[in-house]
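The values are calculated or read from the model by the stated rules, or taken from the named source; none is laboratory data. As the structure is a computational prediction, the values presented were derived from the model and not from experiment. Positions of Cβ are backbone-derived with ideal geometry, glycine not excepted, and every protein chain shown enters the neighbour counts.
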Amino acid sequence: MIEPFTLSVPELAERWSVTPRQIIEQALALRLPILFLFDGLAFDYNDRWLRGIGAWAERREVESLRKMIESRKAHIRRNAAGLTGEFDRLSSEEVIEERRAINDGNRKLLELEALLEAREDERAKHECSEYMRALPKTLLKLMQHGETAFPSVALHPQSAVVVKDHKGTKIWDGQMVALEPGRAGQWRPKLEINDLLIPMVVIKAIESASTQNMEEPAKHVPKGQLQEQAMLDALRKLGYTPDALPPKTPGSNWVKAQARRELSSRKDLFTTKTFDSTWERLRKSGEIAEQA
């Protein structure tokens, strides 16, 4: 009989005579890698140029250039037809200057369009259909509700990246990736517990080594640890590196306020007081810090 490559969370729960919730708790305690199948585009989370949020300024400039070129061309046409008023009538020198501006705009427009086309070609190379590792925040939502919106961020389990906390304890391995719909434009609306998968090689290693007794309740994850992880995840989701935050600017909406808004729905973890105390703990440990 051919052995499956993975088991779903419900299948593993039945195999170990526990509940699906206990399986997810084991994953939150960093004892199990939980995967889900992804089909679409995957980018390094820090690569803002290739991600969907990238090239915003370039696309806006393309739109502005097109409007400028069309506006100047229309002005020249109106002027040639004698339809301009006394105050917007163009002299011969001004017509020449308008045409020069149009030519410059067209050159810049071609450069930007070529840049954006090359970007789209590069984005297409990031099409993938493979397993991704679910982040703790995704697992928490699944444990609480049984389903969640399909994640836009995950870990690539095949990468060599290893992240440790300030004490040197391994938190997770795998490069953080941003997930987007592929060329077909299709996007699964939800991720459910039945979609979560555990590699059979991990399951057999745990069973053969007898490293844990799954018939006992899973180890409780301290709430403070969940708060700290949620806050660090929120900062990364906002596009920041937690230990290299930009310096405060007077009168601006700084990172902490943005994180507070991002986590405002996590009433299971945060109040105003616990948000501030969690931020302070991470600041003292060095996991949250401003750039020098």
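For the reader, a short list of remarks on this structure follows.
- Some residue of region 64-87 being closer than 30 Å to residue 236 by Cβ and among the acidic types (Asp, Glu): no
- Search result, residues across region 255-292 that are hydrophobic (A, V, I, L, M, F, W, C) and either crowded, with 16+ Cβ neighbours inside 10 Å or touching a Pro at 6+ places or on another chain (Cβ under 8 Å) (or both): 255, 259, 263, 269, 270, 275, 279, 282, 288, 289
- Every residue from region 163-188 that is at pLDDT 90 or above and of a type outside the set (A, V, I, L, M): 180, 181
- Screening residue 131 on (1) in a helix (DSSP H, G or I); (2) at pLDDT 90 or above; (3) surrounded by 11 or more Cβ atoms within 10 Å (Cβ to Cβ) shows it passes everything except condition (1).
- Exactly one residue among 77, 72, 100, 60 is surrounded by 14 or more Cβ atoms within 10 Å (Cβ to Cβ), part of a helix (DSSP H, G or I), not assigned by TED's automatic domain parsing to the domain that holds residue 197 and not hydrophobic (A, V, I, L, M, F, W, C), and that residue is 72.
- Some residue of region 17-40 being exposed (fewer than 12 other Cβ atoms within 10 Å of the Cβ), part of a loop (DSSP other than H, G, I, E, B) and either touching a strand residue (DSSP E or B) at 6+ places or on another chain (Cβ under 7 Å) or not assigned by TED's automatic domain parsing to the domain that holds residue 102 (or both): yes
- Residue check, residue 198 in a loop (DSSP other than H, G, I, E, B) and modelled with pLDDT of 85 or more: no
- Test result for residue 90, surrounded by 13 or more Cβ atoms within 10 Å (Cβ to Cβ) and closer than 30 Å to residue 135 by Cβ: no
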